[in-house]
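Structure first, commentary second.
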Amino acid sequence: MYEKEEEMLNQSREQLEQLAIPEQQINDAIQRGIWEANSKRRKRKKTFWTLSVAAILMLTFITSIRVSPAFANVVASLPGMERFVDIIQFDKGLEAIIENEYYEPLGVSQVKDNMTFTIDGIILDETGMEIFYTLEAPFSIEDIPYGEIEVWNDGRNLSEDSSYSFGYYGEKTNRIVERFSFTFGEVKQFPSQQFELIFQLENEKKTTFNIPFTLKNKLQQGKVYALNQEVEMDGQKMLLKDITVYPLRVAVKIVFDEQNNMEILQFEDMRLEDENGEVWSSIQNGTSGFGGIENKERTYFLQSNYFKKPKELFIKMDKVQALPKEESYLLVDFGKKKILKQPSIGKVEVTNIESNSLTVKYLPIRENHSYSLFSQGKNRNGGVVDIPSQSMRGDGEHEYSEIIVDAADIINPVRIDFIAYPNYLDGSMSIQIK
């Protein structure tokens, strides 16, 4: 009955294993696995077969990318597939999202000023949104800086209290395939499935794309593990309040004891681990979440294992960065180009001060892992001093971080709190949550 389909499936599997795959067959397999699995179902028996074929093809496809660099390079060379290779190789949480069809392909485009912007697909949960896109033109576009990026839902700007990041293309190109990663400032619900992306380029014409889109996937709710368990590391007390597992990330809520004499900064190695020792590590650009060091209660985000069903699950912590509270900042007089106060631990050295900038030197905090050391400052009157620019570089032995503060905000002296510092608490922690 399905002889033709069975023959096609067997041929696809054999070709995947041999890594000798014409581009059209790869495209067909990928489209069948990612797009057809989400297409409108017409007949029950045919639907079951289509999903079975898609699942086998997707599993083979993902496994081949993970274990074979040669196959990964072939797939990455195909239009639009760079993002999937990157996801599958480096983020197990997003890999599981794709495997479980929670990635929603869209393919909606708009042409402005001879440039085409396409929303290729979306991943949405209560904590954020991943927007996969393609920007292309018949001319070079890698030097066009990005302006404002907003996402609207039911008349509400989701970007107002959110942070976002996007990749940057340094090489000469007329086609950028990347994603915008939004992290909401608080857990959100969405009154409708109607959204709009507003994306502005900082070119001469201030090209602005306004693209409405509709999501069909049902929003997956977070799974809450209530803990309310106090732990202590190196004399510093923390209450692990709860852990909520969302499709995009895991939210770990921690309340810090006000009597602690150390300011807790970064958790370099906070992770989830199952009964087999499989680990979901912290987000690759450092732990992020809700609340800064001024907050008693903070939420930290990790990679998600939402679509996994482990029998046991543990939260573990090692390498916790901390500074004595009375030494957890720089006090700078930019007018006199002078440091008035800094940590006595001496693992970060101020090497240069200008009228509205400074440069610090330190040993790498972690291999292949960069941290911003500062977020913002406060002037003498308690007003916020913005840090609109931070840059990092290395010389093979040391890292150098330069910050530029908003000159209009400076009323000397300025206090600039550390949000990361290469000084650590002794000890580690492990708690079973399931």
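What follows is calculated from the coordinates using simple rules that are stated; it is not laboratory data. This one's a predicted model, so the numbers in the text were calculated from it and none came from an experiment. Please note: Cβ atoms are built from the backbone with ideal geometry, for glycine as well, and neighbour counts cover all protein chains shown.
In the stretch 98-189, which GluC sites (Glu not before Pro) fall in coil by DSSP and have 15 or fewer other Cβ atoms within 10 Å? Mind showing how you got there, number by number?
On the way: sites: Glu99, Glu101, Glu126, Glu130, Glu136, Glu142, Glu148, Glu150, Glu160, Glu171, Glu178, Glu186; in loops: Glu101, Glu126, Glu142, Glu160, Glu171, Glu186.
Here the GluC sites (Glu not before Pro) that fit, given the DSSP loop and packing criteria, are Glu142, Glu160, Glu171, Glu186.
Each other residue within a Cβ distance under 12 Å of Glu104 adds +1 if Lys or Arg and -1 if Asp or Glu, for a net charge of -2. Backbone phi angles across the stretch 264-275, fed through the Karplus curve with coefficients 6.51, -1.76 and 1.60 (θ = phi - 60°), yield HN-Hα couplings of 7, 9, 9, 9, 5, 9, 9, 8, 9, 9, 8, 5 Hz in residue order; Gly and Pro are listed as x.
Could you compute the net charge surrounding Tyr400? Neighbours are other residues with a C-beta less than 12 Å from the C-beta of Tyr400; K and R count +1, D and E count -1. Taking every Cβ under 12 Å from that of Tyr400, the sum is -3.
Residues whose amide H lies under 5 Å from that of Lys338, counting only those 5 or more places away or on a different chain, are Asp333; hydrogens are built 1.01 Å from N in the peptide plane.
Which length gain, in nm to one decimal place, applies between Lys223 and Ser140 when the Cα-Cα distance is subtracted from 0.36 nm times their residue separation? Mind showing how you got there, number by number?
Details: separation 83, 0.36 × 83 = 29.88 nm, distance 4.50 nm.
Gain in length upon complete extension: 25.4 nm.
Note that the stretch 410-418 has calculated 3J(HN,Hα) couplings of 6, 10, 5, x, 10, 9, 10, 6, 6 Hz, one per residue in order, obtained from phi through the Karplus relation 6.51 cos²θ - 1.76 cosθ + 1.60 (θ = phi - 60°); glycine and proline are x. Here the relative contact order of the stretch 104-214, from alpha carbon pairs under 8 Å that lie six or more residues apart, stands at 29 percent.
From the alpha carbon centroid of the stretch 386-407 to that of the stretch 315-375 is 11 Å. Annotation: amide H of Leu106 within the under-5 Å range of Gly121, Ile122, sequence separation 5 or more or interchain, hydrogens built in the peptide plane. Add +1 for every Lys or Arg and -1 for every Asp or Glu among the other residues with Cβ under 14 Å from the Cβ of Pro413, and state the total. So the surrounding residues net to +4. Proximity of backbone amide H atoms, modeled 1.01 Å from N, is registered between His398 and no other residue at under 5 Å, excluding neighbours fewer than 5 places apart on the same chain.
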